[in-house]
1. Evaluate region 121-138: report whether one residue or more is in the same structural domain as Ile186 (by TED's automatic domain parsing) and of a type in the set (Gly, Ala, Ser).
2. Which numbered condition trips up Ser29, out of (1) more than 28 Å from Phe95 (Cα to Cα); (2) polar (S, T, N, Q); (3) under 31 Å from the mean Cα position of the chain (by Cα)?
3. Does region 44-54 contain any residue that is among the aromatic types (Phe, Trp, Tyr), more than 26 Å from Leu75 (Cβ to Cβ) and either assigned to a helix (DSSP H, G or I) or at pLDDT 75 or above (or both)?
4. From the set of residues in region 270-309 that are at pLDDT 70 or above and more than 22 Å from the chain's Cα centre (by Cα), which is most open to solvent (accessible area, probe 1.4 Å)?
5. If you go through region 68-96, how many residues are of a type in the set (A, V, I, L, M) and surrounded by 13 or more Cβ atoms within 10 Å (Cβ to Cβ)?
6. Checking the condition more than 27 Å from the chain's Cα centre (by Cα) and within 27 Å of Phe266 (Cβ to Cβ), which residue from Leu86, Leu96, Leu170 passes?
7. Out of everything in region 250-267 that is touching a strand residue (DSSP E or B) at 6+ places or on another chain (Cβ under 8 Å) and farther than 20 Å from Thr284 by Cα, what residue ends up being least open to solvent (accessible area, probe 1.4 Å)?
8. Does at least one position in region 159-167 carry a residue that is in contact with a helix residue (DSSP H, G or I) (Cβ under 9 Å, 6 or more places away or on another chain), of a type outside the set (A, V, I, L, M) and farther than 26 Å from Tyr256 by Cα?
Amino acid sequence: MTATATRAPSAPRTRRAPRRRSPAARLRSAGLYLAGTAVLLFSVFPVYWMVATALRSQGEIFSRDQSVFPRTVTLEHFDRVVNGELLPGVSFWTFLVNSLTVTLGSVAVAALLSLLAAVAVARFRFRLRTAFIILLMVIQMVPMEAMIISIFINFRRIQDGTGVTMLGNLTGILIVYTAVALPITIMMLRGFVAAVPKELEEAAAIDGASNMVIFWRILMPLVAPGLVAASIFAFITAWNEFIVALTFLGRSTDDYTLPLTLSYYFGRTGTEWGAIMAASTLLTIPVMVFFLFVQRRMVSGLTMGAVKG
């Protein structure tokens, strides 16, 4: 006969009272919140003032008695930009289509080429690999204005020698925008590719997956956040560019992009600040839409837990 041991009932657990923060800790938190709010207002206020100026009347814009909020809201400046013609036969929508064409084209080409180059640099060992990486970093430090003359001359030589039109159309600036975005996008994607464990690719290869399947089904989803970040950089760079478009397009007004339209509101008799702010507001909207469209992919740590430790 065995005796059964009985366990004494444990005392009910009591919840600990929340630890009260000291006045010094509260003061530090309040200071951080105030500093963050000040930085936010400092960053957002110019954007707000741009939109508010675009909604003001012409007389209120040049008035000395300015207010934070527009006294009278009007859409006359947006109507002037959207429905007016800065150049004979060329409307705002033509400029918008040209900008979207060259920007999205350069983003797609730069994303594809930079991804392939990043895989080659991060996964393979070849001669002059270190020199190639150093060259990419050096090119990033050279401003576009320092290279635009040499690029223009080379494009002119290619056009004269082969007959391929490189100047006066969107093809030339698309190539330039892609080349400008490649160094930084390659360096960005190189870190993402290097962070993907090789064990994933090796396991897929053992299961019989081909190199193409490994690239699209294994590597591509894990590098997607870096690809999105690189695409955003390429998009903003191509969308806001002015000097290259003005130099390479010349008098081909049918191929002008949106940033070039802003210069037409600066006249000899005065500056149309309302139209400039309205055009700048419209110029900002596609960037915000593009960011909202891809921001869900900008999540880090997709590879966390992919390989068992």
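1. Quick first cut of region 121-138, residues in the same structural domain as Ile186 (by TED's automatic domain parsing) only: 121-138.
Within this subset, residues satisfying the condition of being of a type in the set (Gly, Ala, Ser) are 122, 131.
Yes, some residue in region 121-138 is in the same structural domain as Ile186 (by TED's automatic domain parsing) and of a type in the set (Gly, Ala, Ser).
2. (3)
3. Here is the first cut: in region 44-54, the ones among the aromatic types (Phe, Trp, Tyr) are 45, 48-49.
In the following step, the residues that additionally are more than 26 Å from Leu75 (Cβ to Cβ) were identified as none.
No, the conditions are met nowhere in region 44-54.
4. If we filter region 270-309 for residues that are at pLDDT 70 or above, which is where we start, we get 270-293.
Among the residues that remain, those that are also more than 22 Å from the chain's Cα centre (by Cα) are: 270-276.
On the way: Gly270: 35, Thr271: 39, Glu272: 65, Trp273: 104, Gly274: 0, Ala275: 3, Ile276: 13 Å².
Among residues in region 270-309 that are at pLDDT 70 or above and more than 22 Å from the chain's Cα centre (by Cα), the one most open to solvent (accessible area, probe 1.4 Å) is Trp273.
5. Of all residues in region 68-96, those of a type in the set (A, V, I, L, M) come to 68, 73, 75, 81-82, 86-87, 90, 96.
Next, from what is left, pick out any that are surrounded by 13 or more Cβ atoms within 10 Å (Cβ to Cβ): 81-82, 86-87, 90, 96.
Counting residues in region 68-96 that are of a type in the set (A, V, I, L, M) and surrounded by 13 or more Cβ atoms within 10 Å (Cβ to Cβ) gives 6.
6. Working: Leu96 fails: more than 27 Å from the chain's Cα centre (by Cα); Leu170 fails: more than 27 Å from the chain's Cα centre (by Cα).
Residue meeting the stated conditions: Leu86.
7. Per the criteria, the residue is Thr253.
8. Scanning region 159-167 turns up no residue that is in contact with a helix residue (DSSP H, G or I) (Cβ under 9 Å, 6 or more places away or on another chain), of a type outside the set (A, V, I, L, M) and farther than 26 Å from Tyr256 by Cα.
The values are calculated or read from the model by the stated rules, or taken from the named source; none is laboratory data. Quantities reported herein were computed from a predicted structural model and do not represent experimental measurements. Don't worry about glycine lacking a Cβ; one is built from the backbone with ideal geometry, like all the others, and counts go over all protein chains shown. Please note that ligands, DNA and RNA were not included when accessible areas were found on the heavy atoms of the full protein model with its side chains. Shrake-Rupley method; radii C 1.70, N 1.55, O 1.52, S 1.80 Å.
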